Structure formats: structure tokens, C-alpha cells
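Notes follow the structure.
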Amino acid sequence: MRRMKETDARELFTFMADRIDIESIPLDDDKTYELLSKGDTDGVYMMESNWDKYDLLQTKPQNFEELVACVAFSHSLLLNPYIYTYLKMTEVRPLTYPIYTKIEYVESVLKETRGLLVYQHQATLINDYIKNMSVEDKESYRLAIRIIKTEIERRKHTLADYSFFYKRALLCYRIAYIKANLTDVFELFWKKRCN
């Protein structure tokens, strides 16, 4: 079976225009996340390969930010090896995690990615914050700063572009939403595209 292309996705949205306003669908639909978490993504742009389905089955995204991270892990070969650290961050905290998240701002920046540095903009925000810290705060958090700066330097070539993967995840989510909530219409469209 052929895979969904971006042009197919755009045509699907046009095909569905009289049924739903694709721009205003909720990004917290339980049926959509259930479909994604089960890897039931045949016909869902960006998430159709066995590789993508495996990552979905592992991460089981429950909100849009988790889906963005999953798409980034699946489609960035340099970032993909960190998916296992991402998964563990929920249950098992690595030794350094509590140290660099002692800086509240760093913890808030990394919250959406479970304490893991994933995106380029996170590194920029953290570096800018550290640069503007007072001398006293820099001294108080010296170890945490050293650890997070080392992590940023070590990982700078693996960090993903959030805006790129946000757009990809949004496209993926919208298709999954249609598949989960308007299944018959989705199947009709997809059969026509495949024949």
C-alpha cells in the first residue's frame, strides 16, 4: 500500500472541508491519541512506517507536545537514540537530572520534554538565562550550570528544530483526528487514493 504524502494530506483536508474545519479541531482529542498510541497509523502522514509505529507504541503520546517529541525522535536520526532516555525520564531519573533542574528556569524549559534536552530553542533559552544570571546565582548553581552547559555542548548537533517538527506533528495529528473520528470518510478517501 502506498503511503500518504503531504499533497494527499492537503487533498484530504479539502475533501473534508464541508464536514469539519480542520484549523479548529481540538488538539486534546482522546480518540486521536488512542489511535496514535496503538500505532494504528496506516494512512497517517509521517507515521506510517514500522519505525514510526514502533516509536508511537513506545512513547504513547497523550498530548500534543508529546506527539511533537515523538515525531522529532522518529524523523531525526541524530535525535532518535535519545528516545530511550526520554522514555526513562518519566520513571527513572538519571543521576544528573535533579542537579541541573535545581535551577527552576531550566526545569520549566525542559518540562514538556520530561527533563530531556530535545530542541534547539531549549538550549538557546537556557544559555541566555545562564548568561544573564547574577554572579551570586552562578556561584550557587555552579555544578548545575556546568552539567547543563556540558550537555548542551555535547548535544548541539543532535537537537531538533521545534518549529519544523511542530508543523509535521500538526499535519500528522489532523490526519489521525480524521481517521479516529470520521473513520468511514477517511477510509473512502484513502481507498480512492490507493487505487
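For segment 43-55, a residue qualifies if it is over 18 Å from residue 88 (Cβ atoms) and assigned to a helix (DSSP H, G or I), and the qualifying residues are 50, 51, 52, 53. Between 193, 154, the distinction of being among the basic types (Lys, Arg), assigned to a helix (DSSP H, G or I) and farther than 30 Å from residue 42 by Cβ belongs to 154 only. Exactly one residue out of 141, 105, 166, 162 is of a type in the set (Ser, Thr, Tyr) and more than 24 Å from the chain's Cα centre (by Cα): that is 141. Residues that are out of contact with any Phe, Trp or Tyr (no Cβ under 7 Å at 6 or more places or on another chain), more than 27 Å from residue 27 (Cβ to Cβ) and either surrounded by fewer than 21 Cβ atoms within 10 Å (Cβ to Cβ) or at pLDDT below 90 (or both): does segment 85-92 have at least one? Within segment 85-92, one or more residues are out of contact with any Phe, Trp or Tyr (no Cβ under 7 Å at 6 or more places or on another chain), more than 27 Å from residue 27 (Cβ to Cβ) and either surrounded by fewer than 21 Cβ atoms within 10 Å (Cβ to Cβ) or at pLDDT below 90 (or both). For residue 39, indicate whether it is within 24 Å of residue 188 (Cβ to Cβ), within 16 Å of the chain's Cα centre (by Cα), surrounded by 15 or more Cβ atoms within 10 Å (Cβ to Cβ) and not basic (Lys, Arg). Yes: the conditions hold for residue 39.
Going residue by residue through segment 165-187, is there one that turns out to be outside the structural domain of residue 59 (by TED's automatic domain parsing), of a type in the set (A, V, I, L, M) and at pLDDT below 95? Scanning segment 165-187, I find no residue that is outside the structural domain of residue 59 (by TED's automatic domain parsing), of a type in the set (A, V, I, L, M) and at pLDDT below 95, so the answer is no.
Candidates in segment 93-111 are the residues that are modelled with pLDDT under 85 and more than 19 Å from residue 79 (Cα to Cα); of these, the one that is surrounded by the most Cβ atoms within 10 Å (Cβ to Cβ) is 100.
When the criteria are applied in full, residue 145 meets the requirement of being more than 27 Å from residue 63 (Cα to Cα), surrounded by 15 or more Cβ atoms within 10 Å (Cβ to Cβ), in contact with a helix residue (DSSP H, G or I) (Cβ under 8 Å, 6 or more places away or on another chain) and among the hydrophobic types (A, V, I, L, M, F, W, C).
Among the residues of this structure, residue 58 counts as one that is assigned to a helix (DSSP H, G or I) and either outside the structural domain of residue 165 (by TED's automatic domain parsing) or not charged (D, E, K, R) (or both). Considering 155, 114, 146, the condition of being outside the structural domain of residue 20 (by TED's automatic domain parsing) and at pLDDT below 90 is satisfied by 114 alone. Taking the listed residues 139, 112, the one that is touching a helix residue (DSSP H, G or I) at 6+ places or on another chain (Cβ under 6 Å), part of a helix (DSSP H, G or I) and at negative phi is 112, with no other qualifying.
The values are calculated or read from the model by the stated rules, or taken from the named source; none is laboratory data. Keep in mind the model is a prediction, meaning the values are calculated, not measured. Cβ coordinates were reconstructed from backbone atoms using ideal geometry, including for glycine residues, and neighbour counts include every protein chain displayed.
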